[in-house]
Amino acid sequence: MFRVFDRLLGLFGFQGMEKQFNSLADINTLDELITRSNNEPVILFKHSTTCPVSSAAYREMSKVADEVMLVVIQKSRDVSNEIAKRTGVRHESPQTLILRNGEVVWSASHFDITADGVESAARENA
């Protein structure tokens, strides 16, 4: 059964996405990521499971080679709101943020989210 599901995901461009996406579903993990950003760039991706634009951004983010911390808005609205509060970046969905030294050094939303753009910004802030 899982093989059939994996094949369907592959047909829609979602194959292999589980390798780089990690769930960001609580404030403690957010705290850890902000601390980690002192040593390396941290990529956050806010995703809405009900939005077609967010689905397109999800496909782009699945191409990013680096780890992506995924905030599913419908499941973790409190985390999404906390990110906006701490960073001062107004919430949008979909939205990608790169943190470095506890601050947002790059962000994009909607159709401005591209794998190339995210990877380039992460390299520039390594």
Approximate spin-label separation Phe111-His91, in nm, with each point projected 7 Å along Cα-to-Cβ
2.5 nm
Output wanted: per-residue J couplings in Hz (rounded whole) for the range 38-55, from phi through Karplus 6.51 cos²θ - 1.76 cosθ + 1.60, θ = phi - 60°, x for Gly and Pro.
6, 10, 7, x, 10, 9, 10, 10, 8, 10, 9, 6, 10, 10, x, 5, 5, 4
Suppose every K and R has +1 on its Cβ and every D and E has -1 on its Cβ; what is the size of the dipole of the range 62-108 about the Cα centre, in Debye to the nearest 20?
120 debye
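Report the Stokes-Einstein translational diffusion coefficient (µm² s⁻¹, integer) for the range 19-124, Rh taken as the Kirkwood radius over Cα pairs, at 25 °C with viscosity 0.890 mPa s.
Values: Rh = 13.3 Å.
Roughly 185 µm²/s, to the nearest whole number.
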Here the relative contact order (percent) of the range 19-124, from C-alpha pairs under 8 Å and at least 6 apart, is 35 percent
Taking amide H positions as placed in the peptide plane 1.01 Å from N, state which residues far from Trp106 in sequence (5 or more) or on other chains have amide H under 5 Å from it.
Ile98
Please compute the modelled spin-label separation between Glu67 and Asn101, points set 7 Å along Cα→Cβ, answer in nm with one decimal.
2.2 nm
Going by the alpha-carbon gyration tensor, a ≥ b ≥ c the square roots of its eigenvalues, is the range 71-126 rounded (a/c under 1.5) or, if a/c is not under 1.5, prolate (a/b greater than b/c) versus oblate?
oblate
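FYI, it's all coordinate maths here, none of it is from the lab. Computed from a prediction, not measured in an experiment: that's the story for all the values here. Here the Cβ is made from the backbone with ideal geometry for all residues, glycine too, and neighbour counts use every protein chain on show.
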